[in-house]
Amino acid sequence: MDSRYTNVIDLNDMGTGRWLDIVKLASKIYDDPSAYAKACDGKIMATLFYEPSTRTQMSFQTAMLRLGGTIIGFDNPATSSVAKGENLKDTTKIVSGYADIMVMRHPSDGAAKAAALTADCPIINAGDGGHLHPSQTLTDMLTLYREKGRLTDLTIGLCGDLKNGRTVHSMCKALAGFEGIKFVFISTPQLGMPQYIKDILMASGCTFTEEASLEAAMPSLDVLYMTRVQKERFASEEEYDRLKGAYCLDRAKMALGRKDLIVMHPLPRVDEIPMDVDDDPRAMYFKQAHYGVFVRMALILTVLGEPDRKYPLLVGKEFRSVNCANPNCITHKEKYLPHYFRGTDLLECEYCDERTLN
Ligand code: NCD
């Protein structure tokens, strides 16, 4: 089953060339934003945020307003009919009839794909549980493109909660195909990168190493991508308390980094980067957040420029009696969704990519 619209659910649905087009367009907009001030005149964007957000939501909204369009939506499902028990399909189906483009963040893995099955306008995934965050990845790419001058031949350290952080999953999936990218996964065993992401990297010949010590990794890095421990993805507060504070990029560790290192973070930070690091010229996280507006302007223009470009949405088969092994998969919350998987014995969920034995 193909999508009816140009959705942005997983960057890997489109070719690498198209991401580069978006990054280059974003860079052009950054240099001359006023040239695009009326590009979305008369268009409406809906932002449906079922989960807290500052940067992603506001940068999408700013992007649409700066393109001359208007915005509708909610940032607290408790004030919408979701609070009355409305399911995801009905809410997104209705809102997609009001808007030209819909941006959605949801706590369940695979929610954006689920909404795209029935939505009546293009949908952009603004984060689905711990799964993916494609517009953040494009923001990260624009940061690399402008600050390092390339998206190839980079040693990128990813540090912190690699298990639950959707930004690092998205980034690995996207950059796996770029030449000369080497990842260093810096985390504790409890917060390690999921096996399915490692398998994707291995299949595309992308090198990665694992390192428990941030100090040891520092000297080899062109880029350090810090992440917070994702409190909201833990089953209990005690479990989070045990793991929080695992890594802290203080000034002493910064001193071990190269002169041309850049430090990125999708933000919000909690305590993994003390504020006295902000003045270091290698700290790029505030600029990175600023780049997010231009990337989202480019993304909106791209999607609205070709609203009905088709991408594969469900490519596998329905297995009615198989339940996805991932407890946070959207199929467990929204029971009407068909259970689609790729493969035959080891089944890959089409919503969240988790593997389940048939
Ligand atoms: C990230 C997210 O929501 O996944 N934030 C963002 O979008 N900039 C990272 C995070 O919440 O830790």
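Going by the structure shown, is K259 open to solvent by 40 Å² or more (accessible area, probe 1.4 Å) and within 16 Å of the ligand (Cβ to nearest atom)?
Criteria not met by K259.
Checking V293 against (1) open to solvent by less than 30 Å² (accessible area, probe 1.4 Å); (2) assigned to a loop (DSSP other than H, G, I, E, B), only one condition comes out false. Which one?
Among (1) open to solvent by less than 30 Å² (accessible area, probe 1.4 Å); (2) assigned to a loop (DSSP other than H, G, I, E, B), V293 violates only (2).
Looking at this structure, is L158 within 16 Å of the ligand (Cβ to nearest atom), in contact with a helix residue (DSSP H, G or I) (Cβ under 9 Å, 6 or more places away or on another chain) and farther than 21 Å from P134 by Cβ?
In short, no.
Looking for something closer than 18 Å to A116 by Cβ and buried (at least 22 other Cβ atoms within 10 Å of the Cβ) - is there at least one such residue anywhere in segment 309-321?
The answer is no, given that none of the residues of segment 309-321 is closer than 18 Å to A116 by Cβ and buried (at least 22 other Cβ atoms within 10 Å of the Cβ).
Which one of E232, E215, E210 is outside any loop (DSSP other than H, G, I, E, B), within 21 Å of R105 (Cβ to Cβ) and open to solvent by 60 Å² or more (accessible area, probe 1.4 Å)?
Testing whether each residue is outside any loop (DSSP other than H, G, I, E, B), within 21 Å of R105 (Cβ to Cβ) and open to solvent by 60 Å² or more (accessible area, probe 1.4 Å) leaves just E232.
Please determine, by comparing only the residues of segment 268-282 that are within 16 Å of the ligand (Cβ to nearest atom) and acidic (D, E), which one is nearest to the chain's Cα centre (by Cα).
If we take residues in segment 268-282 being within 16 Å of the ligand (Cβ to nearest atom) and acidic (D, E), then E272 is nearest to the chain's Cα centre (by Cα).
Would you mind finding the one in D90, D140, D109, D128 that is out of contact with any Leu (no Cβ under 7 Å at 6 or more places or on another chain), modelled with pLDDT of 95 or more and surrounded by fewer than 23 Cβ atoms within 10 Å (Cβ to Cβ)?
Exactly one residue qualifies, and that residue is D90.
Quick check on my filter: what residues within segment 13-55 are loosely packed, with under 14 Cβ neighbours inside 10 Å and within 16 Å of the ligand (Cβ to nearest atom)?
P52, T54
For segment 69-87, how many residues are part of a loop (DSSP other than H, G, I, E, B) and open to solvent by 30 Å² or more (accessible area, probe 1.4 Å)?
Of the residues in that region, 5 qualify.
Pick out the one residue from Y336, Y285, Y291, Y351 that is of a type in the set (S, T, Y) and in contact with a His (Cβ under 8 Å, 6 or more places away or on another chain).
Of the residues listed, the single one that is of a type in the set (S, T, Y) and in contact with a His (Cβ under 8 Å, 6 or more places away or on another chain) is Y285.
I'd like the residue in segment 112-136 that is among the polar types (S, T, N, Q) and in contact with a strand residue (DSSP E or B) (Cβ under 7 Å, 6 or more places away or on another chain) and, out of all such residues, is nearest to the ligand (Cβ to nearest atom).
S135
The values are calculated or read from the model by the stated rules, or taken from the named source; none is laboratory data. Computed from a prediction, not measured in an experiment: that's the story for all the values here. No Cβ is skipped: glycine too gets one built from the backbone with ideal geometry, and neighbour counts run over all protein chains shown. Side chains are part of the model used for accessible areas, which takes the heavy atoms of the whole protein and leaves out ligands, DNA and RNA. Shrake-Rupley method; radii C 1.70, N 1.55, O 1.52, S 1.80 Å.
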